[in-house]
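Structure first, commentary second.
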Amino acid sequence: MNTDLLRSSSDKHPKPTDIAFQYGTAGFRTLGSTLDSVLYRVGVLAALRSRKLDGRTIGVMVTASHNAAQDNGVKLVDPRGEMLDGSWEAHATTLANAPTTEAFLEAVSTLIRNSQIDLSKPAHVVYARDTRPSGEELVRALEDGLKAAGAEGRDAGVTTTPVLHYLVRAINTKGTADAYGEDTQEGYYKKLGDAFKELVQGRPPLDPIIIDCANGVGAIAAEAMSSILANTLVFDLHNTSIDKEELLNNSCGADFVKTQQKSPPQLVDVLKPNQRACSFDGDADRLMYFYHDENGQFRMLDGDKIAGLVAAFIVDLVKTAGLADEISVGVVQTAYANGASTKYLSDRLPVKCVPTGVKHLHHAAERFPIGVYFEANGHGTVVFSPSTLSTLSSHQPSTPAQDRAHKHLLALTSLINQTVGDALSDMLLVEVVLSHKSYGGAEWDSLYEDLPNRLVKVSVADRSVYQTEDAERKLVSPPGLQGKIDEIVRRYEGGRSFVRPSGTEDVVRVYAEAMVRSQVDELAFTVAGLVYDSAGGDAAKRPK
Ligand code: G16
């Protein structure tokens, strides 16, 4: 690498003096206007990561997903399309926080030395961004970093996070026995479309599906898929104003539906009783279904309900295909999973609980022959292990029913994005199951009844003070706070509550659930109050 070039270009992207950056739950995420130096340095880091891995292509996604329009962020994607290896997250944070160009150069050479990176290796990086206004300039900073580090960059343009993950795997497996698909966005959509058509062939047509695109990049993805599926499934697209930046995730999108537990206001008059609708988030990797019942009551079908629906469907297919002795299914959740869903699932299947963050869920799911993982907030997918894929490809069905189920399982491996959750692919998966089961929203919803729950955000001066253990279900710091929470939780029937710092927003999150709706709000706000007081908050601004 040319140190002079690195020095001169780094000088053009100085680090703001007053900000400490942290590679969190989903990469760096904060106000877009503060991220220029981070993007430049991520460009350099991505080049080094690629060289470390013999020139395999690394992905960089510029997005702040569910956050407000003024935020932005960046995350790296490893060669199989999975999240950046945990050990490199620390390197990312170190490079991002070097206060000066000289300190940055020093951190880069330490990384090269300690990680034994061979600089004669090539470096390849593919990158993309969502529709956020700050994205264009941030991509320019990233490109400066790639250029300075001598990497060959491929610009995938404005697209969704899951498309970028797909591209990374498709590029790295091209021409091999594990080829994942054509390395273009069109190739990806065609792959999903073909698999969907095969899976619903011969089934009665589905009613149109209403999609809230959160005024983000999912609108472009859904539009493209809508033309591919024109005669199979009709998309009724809403919140597609990608040009109006202030509308992104604003009173719409998956996070709004999950946290507010109501329909986006723009859809209230559109929805007929029992009509299925779903919301994507700002980069189209979360999915939330909902409907209004006969009484006009909002009913949410979140990530937990998706996991229940999909896992049961796959278990049935495996059995019908005659593969129950060879392939088993497991489910991964986080502490946010509704207690009723955990009970429903663990009565039927092995269920594992891991900390928040797709990377944790994905890795845990990879340990099952077929791993179904969904966060309650709608992030998730299904992963098929290499040995399951090989069992599927060599299986010889002995009856027509086995043959049909076997073909459906194979088609599912194409329909489902196995690198990361994709709202579009997940939506098609749900539609397949609903079609096969002849379920509407109400039948799906009746799998189990959610316990009333509430999620509250608390602003504190320093959220790093809040540290957890036991898959984030218990606080170990600040001392004494968990004991107080336990004491309060005991007063509520079926009560459960936990506290954890967000990795994507500057807040502490409080989750609570209990048997009775009115009590759950009281429990959530009592715990939120304890958190607020523990941070020495101003009594007048206590959460209510
Ligand atoms: C990201 C992560 C998710 C996580 C969410 C919220 O989602 O990919 O795994 O559930 O943040 O995390 P936290 O509670 O730490 O803020 P997204 O959609 O924002 O990329």
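The values are calculated or read from the model by the stated rules, or taken from the named source; none is laboratory data. A quick note: this is a predicted structure, and the numbers were derived from the prediction, not measured. Neighbour counts run over all protein chains shown; Cβ positions are idealised from the backbone, glycine included.
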In the stretch 342-358, which residue that is within 16 Å of the ligand (Cβ to nearest atom) and in contact with a helix residue (DSSP H, G or I) (Cβ under 7 Å, 6 or more places away or on another chain) is nearest to GLY503 (Cα to Cα)? VAL354
Only one of ALA64, ALA47 that is surrounded by 17 or more Cβ atoms within 10 Å (Cβ to Cβ), at pLDDT 95 or above and either β-branched (Val, Ile, Thr) or within 16 Å of the ligand (Cβ to nearest atom) (or both): ALA64
Could we say that LYS457 is surrounded by fewer than 17 Cβ atoms within 10 Å (Cβ to Cβ) and within 16 Å of the ligand (Cβ to nearest atom) here? yes
Among (1) in contact (Cβ under 8 Å) with a residue 60 or more places away in the chain; (2) over 18 Å from GLU375 (Cα atoms), where does ASP422 come up short? (2)
Could we say that THR419 is closer than 24 Å to ASP302 by Cα and not aliphatic (A, V, I, L, M) here? yes
All but one of (1) crowded, with 22+ Cβ neighbours inside 10 Å; (2) aliphatic (A, V, I, L, M); (3) away from the ligand (no atom under 16 Å from the Cβ) hold for ALA103; state the number of the condition that does not hold. (1)
Out of ALA214, ALA222, I need the residue that is more than 16 Å from the ligand (Cβ to nearest atom) and either in contact with a strand residue (DSSP E or B) (Cβ under 6 Å, 6 or more places away or on another chain) or closer than 16 Å to ASN67 by Cβ (or both). Which one? ALA222
Give the residues of the stretch 280-311 that are touching a residue at least 60 places away in the same chain (Cβ under 8 Å), among the small types (Gly, Ala, Ser) and away from the ligand (no atom under 12 Å from the Cβ), sorted by residue number. ALA307, GLY308, ALA311
More than 30 Å from VAL520 (Cβ to Cβ) and touching a His at 6+ places or on another chain (Cβ under 8 Å) - does that describe any residue in the stretch 345-361? no
Please go through (1) surrounded by 24 or more Cβ atoms within 10 Å (Cβ to Cβ); (2) touching a residue at least 60 places away in the same chain (Cβ under 8 Å); (3) within 18 Å of the chain's Cα centre (by Cα) for VAL331 and return the number of the only condition it doesn't satisfy. (2)
Quickly run through the stretch 90-148 and pick out the residues that are outside any helix (DSSP H, G or I) and in contact with a Phe, Trp or Tyr (Cβ under 8 Å, 6 or more places away or on another chain). ALA98
It is to be established whether one or more residues within the stretch 204-225 are of a type in the set (A, V, I, L, M, F, W, C), without any contact (Cβ under 8 Å) to a residue 24 or more places away in the chain and either in contact with an Asp or Glu (Cβ under 7 Å, 6 or more places away or on another chain) or not in a loop (DSSP other than H, G, I, E, B) (or both). yes
Quick check on the stretch 486-499. Is at least one of its residues in contact (Cβ under 8 Å) with a residue 24 or more places away in the chain and within 15 Å of the ligand (Cβ to nearest atom)? yes
Tell me whether the stretch 320-335 contains one or more residues that are of a type in the set (Ser, Thr, Tyr), within 16 Å of the ligand (Cβ to nearest atom) and in the same structural domain as PHE374 (by TED's automatic domain parsing). yes
When ALA254 is run through (1) within 19 Å of the chain's Cα centre (by Cα); (2) surrounded by fewer than 24 Cβ atoms within 10 Å (Cβ to Cβ), the failure sits at (2)
Quick one: SER502 ticks every box in (1) more than 20 Å from SER341 (Cα to Cα); (2) of a type in the set (Ser, Thr, Tyr); (3) free of Cβ contacts under 8 Å to residues at least 40 places away in the same chain except a single one, so which number is it? (3)
Check whether at least one residue in the stretch 233-246 is under 18 Å from ALA423 (Cα atoms), within 16 Å of the ligand (Cβ to nearest atom) and surrounded by fewer than 22 Cβ atoms within 10 Å (Cβ to Cβ), and report yes or no. no
Can you pull out every residue in the stretch 67-89 that is in a loop (DSSP other than H, G, I, E, B) and away from the ligand (no atom under 13 Å from the Cβ)? ALA69, GLN70, ASP78, PRO79, ARG80, GLY81, ASP85
Among the hydrophobic types (A, V, I, L, M, F, W, C) and not in a loop (DSSP other than H, G, I, E, B) - does that describe any residue in the stretch 179-191? no
